[in-house]
Amino acid sequence: MKRTFFIFLLINAISSFAQDPSVKNLQTEAGKTITKDAADTIPATWKTGGIFSLSLAQGSLRNWAAGGDEFSLSLNAYINGHAFYKKGKHSWDNNLDIYFGYIKTTSLGARKNDDRIDFLSKYGYALSKTLSVAGLCNFRTQLFDGFTYSDTSREFSSAFMSPAYIILSPGLDYHPVSNFSIFFSPIAARWVIIKDNTIAAKGFYGPAGEKSVSEFGAFVTINYTSNLNKTVSYKGRLDLFSNYKNNPENIDVFMENLFAAKLSNVLSATWSLDIIYDDDAKLFGPNQNAPRTQLKSLIGVGLLVKLQK
């Protein structure tokens with residue numbers, strides 16, 4: 001009986017305490033959903049990321065009746081880093097691409113089959129949602145010594161900063177969607193640097209003996225990236241330059257294409273296709289004094305890692 005009476009008093013006390021206005025207020029506040037004020041969220045002004053790709057292939061033959069190289073090894077690497085800034089009407093895009101390829105066979109020996117470093121920086125001030133006034137800087141060269149090969153000999157044809165291409169240009173940047181842009185400048189300045197004395201003396205990239213060649217003309221660069229489907233992505237760039245000072249009708253072309261097919265989380269198949277026409281790169285033809293359309297195609301399967309922040 002006493003126990004029953006005690007339980008009754010306890011329940012009555014709890015019920016009375018719950019009716020207190022301050023307790024009711026605490027209960028109400030505790031039941032509210034916490035929401036974040038949009039003003040408390042500061043949008044990120046920088047977006048950074050990159051890509052690392054590495055493909056390796058090796059082959060060997062022994063007493064192989066069909067013939068072929070006893071040993072072959074090829075390595076191709078691609079590194080990309082980018083940093084994009086956006087705040088209000090201001091934007092600043094920075095992109096760095098580094099390519100390197102190496103091949104070694106018993107018949108040909110060791111040589112590189114890809115080598116390029118390419119840095120592009122572009123600042124823009126928006127005039128509208130799709131058009132900006134912009135300034136662009138582009139630097140392109142290779143890292144290691146390069147040679148052109150014949151059946152019996154090889155010719156020293158390139159080195160670090162020989163040649164190197166530098167473009168500075170103000171212009172207009174049209175970007176109707178985030179993954180596509182066209183930059184046009186009618187007053188672009190370009191310098192071709194040939195630091196190595198031997199290469200400069202041969203006149204492969206300008207007048208013989210000149211270690212720096214300045215050009216002035218019109219410049220267009222078109223950039224496009226896309227996920228073609230769930231597994232295949234594409235990255236492309238097309239640069240066009242017309243030199244007002246010498247044969248402006250002969251437009252220099254630099255085009256790069258990179259397709260990547262995702263095979264797993266880290267494995268992919270890649271195909272890169274580069275097309276170059278430089279009217280001043282005269283190291284082709286019977287007397288090595290003529291320009292030619294240059295093509296480079298590389299296919300590989302290997303590691304592909306995307307970094308995004």
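The values are calculated or read from the model by the stated rules, or taken from the named source; none is laboratory data. Fair warning: this is a prediction, and the values are worked out from it, not measured in the lab. Cβ: placed from backbone, ideal geometry, glycine included. Neighbour counts: every protein chain shown. Surface areas here come from the heavy atoms of the whole protein model, side chains and all, with no ligands, DNA or RNA. Shrake-Rupley method; radii C 1.70, N 1.55, O 1.52, S 1.80 Å.
Just to check, using Stokes-Einstein with a Kirkwood Rh over alpha carbon pairs, what's the diffusion coefficient of region 161-309 at 20 °C and 1.002 mPa s in µm²/s?
Working: Rh = 17.5 Å.
Result for D is 122 µm²/s.
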### Out-of-range pairs (alpha-carbon distance over 29 Å; input LYS122/LYS296; LYS129/LYS245; LYS112/LYS211; LYS86/LYS245; LYS89/LYS230)
LYS129/LYS245; LYS86/LYS245; LYS89/LYS230
### Summary
Farthest towards the positive end of the dipole of the chain, among LEU168, VAL192, SER181 and with Cβ unit charges of +1 on Lys and Arg and -1 on Asp and Glu, lies the Cα of SER181
## Note on the structure
Here, LYS89 and LYS47, labelled 7 Å along Cα→Cβ, have an inter-label distance in nm of 2.2
### Message
Can you compute the modelled spin-label distance between ALA66 and PHE119, with each label point 7 Å from Cα toward Cβ, in nm?
### Response
4.7
### Task
Mind listing the long-range amide H neighbours of VAL232? Cut-off is under 5 Å, sequence gap 5 or more, other chains count too, H placed in the peptide plane at 1.01 Å from N.
LYS262
### Message
Could you report the accessible area of HIS90 in Å², rounded to 10, computed with a 1.4 Å probe on the protein chains as they sit in the structure?
### Response
80
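Dipole magnitude of region 167-293 about its Cα centre, charges +1 at Lys/Arg Cβ and -1 at Asp/Glu Cβ only, in debye to the nearest 20?
On the way: 11 positive and 12 negative charges, 75 e Å.
Computed about the Cα centre, the dipole is about 360 debye.
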### Query
Mind listing P(r) for region 143-191? All alpha-carbon pairs, 10 Å bins, whole percents.
20, 25, 23, 22, 9, 0
### Query
At a probe size of 1.4 Å, how large is the accessible area of ASP274, to the nearest 10 Å²?
10
### Task
Label the chain by shape, choosing from rounded, prolate and oblate, from the square roots a ≥ b ≥ c of the eigenvalues of the Cα gyration tensor; if a/c is under 1.5 it is rounded, and otherwise prolate applies when a/b is larger than b/c, oblate when it is not.
oblate
#### Entry: trypsin sites (Lys or Arg not before Pro) within region 87-157, DSSP loop, no more than 16 other Cβ atoms inside 10 Å
LYS89, LYS129
### Degrees between helix 21-30 axis and first principal axis of the chain (Cα, 0 to 90, nearest 10)
20
### Task
Working from the alpha-carbon coordinates of region 187-256, get Rg over Rh, Rh being the Kirkwood radius.
1.16
### 0 to 90° range, to nearest 10: angle between helix 2-18 axis and the chain longest Cα axis
60
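Give me the one-decimal Kirkwood hydrodynamic radius in Å for region 87-128, with the sum taken over alpha-carbon pairs.
Working: mean 1/r = 0.0739 Å⁻¹.
Taking the inverse mean of 1/r over all distinct Cα pairs, region 87-128 comes out at 13.5 Å.
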### Message
Let's see if you can work this out: charge +1 on each Lys and Arg Cβ, -1 on each Asp and Glu Cβ, no other charges. What is the dipole magnitude of region 77-221 about its Cα centre, in debye to the nearest 20?
### Response
380
